[in-house]
Amino acid sequence: MLLDPFTPRRLAPIWTLGAALVLAGCASAPTPVTELSIFSINDFHGHIQPKSPTPLMPRLPDPKTGEIKPQAAGGAAYLATVLNDLRAQRPNSVFVAAGDLMGASPQLSSLLADEPTLSALSAMGLDASSLGNHDLDAGLTELLRKSRGECAPSGCVWPEFKGAAFPYLAVNMLDADTGKTVLPTHKIVMVGGMKVALVGAVTRDTPKVIVAKAIRGLKFIDEADAMNALIPQLRAEGAQLLVAIMHEGAVTEGPANDPSYVCEGLRGRGIDVAQRLDPAYGIIISGHTHNAYTCKINGRLLVQAGSFGGWITESRLKVTATGQVLDAQAVNYPVLQAANVPNPAFVALVQRAAELTNAVRNRPINTLTHGAVRNPVAPFGDSTLGNLITDAQLAYAKKRGVADVAMINSGGIRADLIVEPGKPITMGDLFAIQPFSNELVVMTLTGAQLRELVVRQLPKTPAPRRFAQVSNNFRFQWSQAADGSSTLDSLTLDGQPLVETKDYRVVVNNFMAEGGDDFSVFRQGRDKVNLGVDLDALVEWIAENPKGVDQIQSGRIVRKEK
């Protein structure tokens, strides 16, 4: 049984709608108030299996030693248990998600078209989800097919798949030709006798973070503008409480639960959206940034539940019949495996998915002595895994033609390379790292264009940022002034200064080649050649270099102290 963290904060009796009706005949009866809970997750990314490697697990005190360290968390079976325990304590509740439920998923889900994920979340009773950019990875047509529960053209891959029992909501995704919304904008549910409008929005920056072919014919407008414009329709439909669910968020180095809700150091686009969102919305459920936080912006809750099902947020509101939020509190519960018994029905679901994908996932590639991580060794720097992947891509490209340097966007690296002594690295392990099936593209850029690529990445504020990772022969040093302005101090290729008028062959994935993550310079590339799937390069390198990982060193991207 989960303890109720809200109890100590209660200063006065809570009037429920039912209690208020009993006193309706009294002249001094208080205004009816409904107390309800909104449970939320975000960025699940198909992690139905709790042992998927991730550095984003909750960092909490070890039950035995008290040491602050990552705890094993997440997985559909454990998430279902925690959710059911919470629901048992909250008769008036709704369960929502802030997008990216699928896409960039481990092979356990992705090999089955993420249908096990949609089935699991449907079985948990998910009421609605905002659309996430990764939900569109396979395109709108495929999203609609899955939503309807239709078989893929190649046949049905998941037993008894019935589609998503919940709607994807996107008030700000429009048909580029007609200007009309493509998916439902909202869903109205009854909670404790109150009409609650769930309004969904996908990040306005979707075109920057997804391959162009997946969103051809679609247009994305500002989240706050679109949600604000919908208010008259929501009121006309009788909605009392308006809930904004957006796949956009913020970043904090603070704790997952801030008792003061101040969240010092919080930053990101989600704050700007929250500040411009009409006060008619009583709460904002956010996502996209894979952070866990409970904050208030101008007195209104802004919450997020980390990622991969490692957390679940409860936002508890007291609301009047007119939709005024009298009190709002929130807590992020860690979905700890050690503290919860997995739900048997979802254990069986995961086992079925494992059986159907076992042959592909468990194919051994090689046995390694050391792993690699995707987080930079030093802030603003390079990571051992980013270095490994770019070295693999450069080697792969050189075998197939001329290549001088390789790069990868840090966001394209989705998990760490975890090594267990004596146990081989499998195809599933490597797929978890690069799950997009992007194509490798080699192109020609001038030295001046390569320099521009680096300069554009230099931060303009003191806040940390992630650079594109680069192969071992490409190195640069930079420095930053107190005001945040940055300077490129040196840039070399194969130990020599870059020649601005010289042509170089550069290897990147097709997402970067199309200008994704604001790498628009790559659109200027000439003589583009497709080399095949990016994962093949990593698999080939690991298979041929069992001890090569031991020699991967950091120091390719260095921030100099002024």
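Plainly put, the range 364-430 has a radius of gyration that is 1.00 times its Kirkwood radius, both from alpha-carbon atoms, as the Rg/Rh ratio. Can you give the accessible area of residue 505 in Å² (nearest 10), computed on protein heavy atoms with a 1.4 Å probe? Approximately 40 Å² for this residue. Here's the picture: charge each Lys and Arg Cβ at +1 and each Asp and Glu Cβ at -1 in the range 340-481, and of 396, 481, 340 the one pushed furthest to the positive end of that dipole is 481.
Heavy-atom accessible surface of residue 67, to the nearest 10 Å², is about 100 Å², with a 1.4 Å probe and all protein chains retained.
Only lysine pairs 8 or more places apart, or on different chains, with alpha-carbon atoms under 28 angstrom apart are counted in the range 111-250, and they number 18.
Applied to the range 283-299, the Karplus parametrisation 6.51 cos²θ - 1.76 cosθ + 1.60 on θ = phi - 60° returns per-residue 3J(HN,Hα) values of 7, 10, 8, 10, x, 6, 9, 6, 10, 10, 7, 10, 10, 10, 10, 6, x Hz, with x for Gly and Pro. In this structure the amide hydrogen of residue 292, modeled in the peptide plane, comes within under 5 Å of the amide hydrogens of 306, none closer than 5 places in sequence on its chain. Legend: calculated FRET efficiency, residue 544 to residue 463, from the Cβ-Cβ distance at R0 = 51 Å, rounded to 0.05, equals 0.85. Per-residue extension of 0.36 nm, minus the Cα-Cα distance of residue 59 and residue 221, leaves a gain of 54.7 nm for this segment.
Computed with every protein chain present, the accessible area of residue 263 is close to 10 Å² [probe 1.4 Å]. Ranking 177, 483, 517, 416 from most to least accessible surface, computed with a 1.4 Å probe over the protein chains only, gives 177, 483, 517, 416. A straight chain from residue 231 to residue 272 at 0.36 nm per residue would run longer than the Cα-Cα distance by 12.9 nm. Largest accessible area first, the listed residues 195, 502 line up as 502, 195 when surface is computed with a 1.4 Å probe on the assembled protein chains. Model label points for residue 363 and residue 208, set 7 angstrom from Cα along the Cα-to-Cβ axis, are 3.7 nm apart. These residues, 65, 313, 501, go from largest to smallest accessible area, 1.4 Å probe, as 501, 65, 313.
Stretching residue 89 away from residue 327 to a fully extended chain increases their span by 83.8 nm, per 0.36 nm per residue minus the current alpha-carbon distance. Over the chain, Cα pairs under 8 Å with separation of 6+ residues give a relative contact order of 15 percent.
The values are calculated or read from the model by the stated rules, or taken from the named source; none is laboratory data. Computed from a prediction, not measured in an experiment: that's the story for all the values here. Backbone-built Cβ (ideal geometry, glycine too); neighbour counts: all protein chains shown. Ligands, DNA and RNA are excluded from the accessible area calculation, which covers all protein heavy atoms including side chains. Shrake-Rupley method; radii C 1.70, N 1.55, O 1.52, S 1.80 Å.
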